[in-house]
Amino acid sequence: MKTSFLDFEQSIADLESKIEQLRYAQDDSAVDISDEIERLEKKSAQLTKEVYGKLTPWQISQVARHPQRPYTLDYLSLIFTDFEELHGDRAFADDHAIVGGLARFNGQPVMVIGHQKGRDTKEKIYRNFGMPRPEGYRKALRLMKLAEKFGLPVMTFVDTPGAYPGIDAEERGQSEAIGRNLYEMAELKVPVIVTIIGEGGSGGALAIAVGDVVQMLQYSTYSVISPEGCASILWKSAEKAPEAAETMGITAQRLKTLGLIDKIVSEPLGGAHRDHAAMAQSLKKSLQEALKQFDGMPTADLLATRYERLMGYGRFKEQAVG
Amino acid sequence: MSWLTKLLPPKIKREQGVQRRASLPEGLWSKCPSCEAVLYMTDLENNQQVCPKCGHHNRLGSRQRLDLLLDGEGRFEIGAEVVPVDSLKFKDSRKYPDRLMEANQSTGESDSLIVLQGAIKTLPVVAAAFEFDFMGGSMGSVLGERFVRGVQVAVEQKMPFICITASGGARMQEGLFSLMQMAKTTAALTKLSEAGLPFISILTDPTMGGVSASFAFVGDVVIAEPNALIGFAGPRVIEQTVREKLPEGFQRSEFLLDKGAIDMIVDRRDLRDQVARVLALLQKLPAAA
């Protein structure tokens, strides 16, 4: 797969295309230019390192939305085995923007639930751009309750621009569906490990993101509203999205500093989309460590710790009432 | 000032205890924004800011709401000591602390939720009400904490918890902290359920976004005021996304009742009685005389 480059990667893109040309020339050239290619490849890696070393939050949100970024089903095939997809909310429909089912993680049965985006136009529409409707949250909840019944840990993968803002979604109780998940996940009697793999967009993300461990991939984002949405409300102009991204604090680094997430999972050089297999390896290791924490932990402790975590969210001060 | 207002003695111009709403014109007369009937202010106040001609429910401040819902005696405020901080140093066209200060000056409140322990017709409850005029009733860390403290008191004192919402959603100026309040507030309600205590959720105009999509709809009984705008995504956002005209009455209380999203629509003037009846039934108490 040919890497597609983002605007701020122009210098890397230029260099890569030069390398590509040289490789092409090498094929029918008598002169050996492999040294030159190697030199340029090193230079490209160095350049990528430099560019990625100082990404702005807005640039990171572009990487998080990269069209080649690995999605839930990619991780399912790279990290898990024996995936048995389970469909439907048993009430209305099967939402394709959320996938889920039973799978084995290092041989251990688990429940996997995640948002799913599409790659090409057709699939994007099929997946509704990763924006779930109420039946998606209800399917997710049904699978979580199933996991609870059989004592299976739940692993969720978050990657959505947000809940679908459509007439039908409202008619079928979008608000209730999200709220119900928040309520039920607060007291689900099995460990829930949450990973933000791309875009953690608002309520649509949170509806499967209440858990015992919340980790983020290095270039994923997690926010209460998209930078564009925030900019158009507060600045009255979507053009101010970079400023909004900066001030809202949407990156893994910032959220870790604020104590809102537990861990950052590092991505391969140039982002997860450059090397799906390496990304999956890094994520697998992190999931393994996360899961180990709950080995033999009594359910009461699990729930008490989760409750404490939930109650701990927020920054305020206390002062004497006058 | 009109000649009519000038003629009036100051006492009549302002009823004590009732804050004047920015949405209502000043003076003795008021025009209903819905039916455009010209109303005598006293009539409107006697009708709890509901238009006596067409039944239009004007917005109410949080303290007025709680005044109308709760008995006069034995009230204690919960969580007033919790006040906001600017943890992100958030700045859009203006700084967050400036917005807070302005909201504080215009409402007299330090954040957008007021929680009181009190009673409805002698039945002890904890009741919370949103102050929409404080930054659009937006949900930030303070709101979440006050809500949780209210629920905790309800659990400890074995009382039902009631919340009256009026909110545009999450408070963007607190970034992800505000999103997490959805999880925090809703999680607290699991303890209320464990204790077998009711949570009555009363939705008023407007109840949107993160407030709608968290605790608002997990009420044991969900009540809405007539014609209130209630939903997750705002109507304009939906219109832009689907590029079609929204159906008549979309996201209004009557629409939600029809879709099965809420239990009942209650006129504000009957709300106190109705809540008391529902609570008595849920708690297996004798019917009030």
Determine the sum of side-chain charges near A:GLN26: Lys and Arg each +1, Asp and Glu each -1, restricted to other residues whose C-beta is under 10 angstrom from that of A:GLN26. -3
Placing one identical point scatterer on every Cα of chain B and ignoring solvent, what is log10 I(q)/I(0) from the Debye formula at q = 0.07 Å⁻¹? -0.27
Per-residue mean of C-beta atoms belonging to partner chains within 10 Å, peptide B:80-92: 5
Quote the FRET efficiency, to the nearest 0.05, computed for B:CYS35 versus A:LYS124 with a Förster distance R0 of 51 Å and r equal to the Cβ-Cβ distance. 0.65
The protein assembly as shown, dipole about Cα centre (Lys/Arg Cβ +1, Asp/Glu Cβ -1), debye to the nearest 20: 1240 debye
Other protein chain Cβ atoms within 10 Å, averaged over every residue that makes up A:305-312: 4
At 4 °C and 1.567 mPa s, what whole-number value in µm²/s does Stokes-Einstein give for the translational diffusion of the stretch B:146-275, with Rh from the Kirkwood sum over Cα pairs? 84 µm²/s
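Mind putting a number on the dipole of chain A about its Cα centre? Charges go on the C-beta only, +1 for Lys and Arg and -1 for Asp and Glu, and I need it in Debye to the nearest 20.
Dipole of chain A, to the nearest 20 debye: 780 debye.
What's the total accessible area buried between chains A and B, using a 1.4 Å probe, rounded to the nearest 100 Å²? Could you put the intermediate results ahead of the total?
Working: alone 16350 and 14740 Å², together 26420 Å².
Rounded to the nearest hundred, the buried surface is 4700 Å².
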Could you give the nm distance between label points at A:GLU41 and A:LYS263, where each point is 7 Å from its Cα heading toward the beta carbon? 3.2 nm
C-alpha center-to-center spacing [the stretch B:194-241, the stretch B:117-134] in angstrom: 17 Å
Which values, in whole Å and largest first, are the semi-axes of the equivalent ellipsoid of the protein assembly as shown obtained as the square root of 5 times each eigenvalue of the Cα gyration tensor? 48, 28, 22
Reachable aspartates and glutamates from B:LYS284, Cα under 20 Å, same-chain residues fewer than 8 places away excluded? B:GLU156, B:GLU194, B:ASP220, B:ASP263, B:ASP273
For B:207-214, mean number of other protein chain Cβ atoms within 10 Å: 6
Using θ = phi - 60° and Karplus 6.51 cos²θ - 1.76 cosθ + 1.60, couplings along the stretch B:165-170 (whole Hz; Gly, Pro as x): 9, 7, 7, x, x, 6
Rounded to a whole %, the carbon-and-sulfur portion of the accessible area of chain B at a 1.4 Å probe is 51 percent
Within-15-Å neighbourhood charge of A:ALA13 [Cβ basis; K, R +1; D, E -1]: -3
Please state, to two decimals, what the Cα-based radius of gyration of chain A comes to when divided by 2.2 N^0.38 Å (N = residues). 1.08
Take the Cβ-Cβ distance between B:GLU254 and A:ASP168 as r, set R0 to 22 Å, and report the resulting FRET efficiency rounded to the nearest 0.05. 0.75
Kindly flag which residue pairs out of A:LYS43/A:LYS240; A:LYS149/B:LYS259; A:LYS122/A:LYS256; A:LYS122/A:LYS285; A:LYS122/A:LYS263; A:LYS117/A:LYS145 have an alpha-carbon separation exceeding 29 Å in this structure. A:LYS43/A:LYS240; A:LYS149/B:LYS259; A:LYS122/A:LYS256; A:LYS122/A:LYS285; A:LYS122/A:LYS263
With the full set of protein chains in place, find how many percent of the accessible area of chain A is carbon and sulfur; take the probe as 1.4 Å. 51 percent
Please state the charge dipole magnitude for the stretch A:97-206, taken about the Cα centre, from unit charges on C-beta atoms (+1 on K and R, -1 on D and E), reported in debye and rounded to the nearest 20. 360 debye
For the charge dipole of the stretch B:176-289, defined by +1 on Lys and Arg C-beta atoms and -1 on Asp and Glu C-beta atoms about the Cα centroid, which residue among B:SER214, B:ALA188, B:PHE255 has the Cα displaced farthest towards the positive pole? B:ALA188
Please give the length that would be gained between A:ASN106 and A:GLU20 if that part of the chain were fully extended, namely 0.36 nm times their separation in residues minus their C-alpha to C-alpha distance (nm, one decimal). 27.1 nm
Mean residue ellipticity (222 nm) of the protein assembly as shown, computed from DSSP H runs ≥ 4 via -39,500 (n - 2.57), nearest 500: -12500 deg cm²/dmol
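The values are calculated or read from the model by the stated rules, or taken from the named source; none is laboratory data. None of these values were measured; they are calculated from a predicted model. Reconstructed Cβ throughout: ideal geometry from the backbone, glycine too, with neighbour counts over all protein chains shown. Remember, those area values only see protein heavy atoms, side chains included, never the ligands or the DNA or RNA. Shrake-Rupley method; radii C 1.70, N 1.55, O 1.52, S 1.80 Å.
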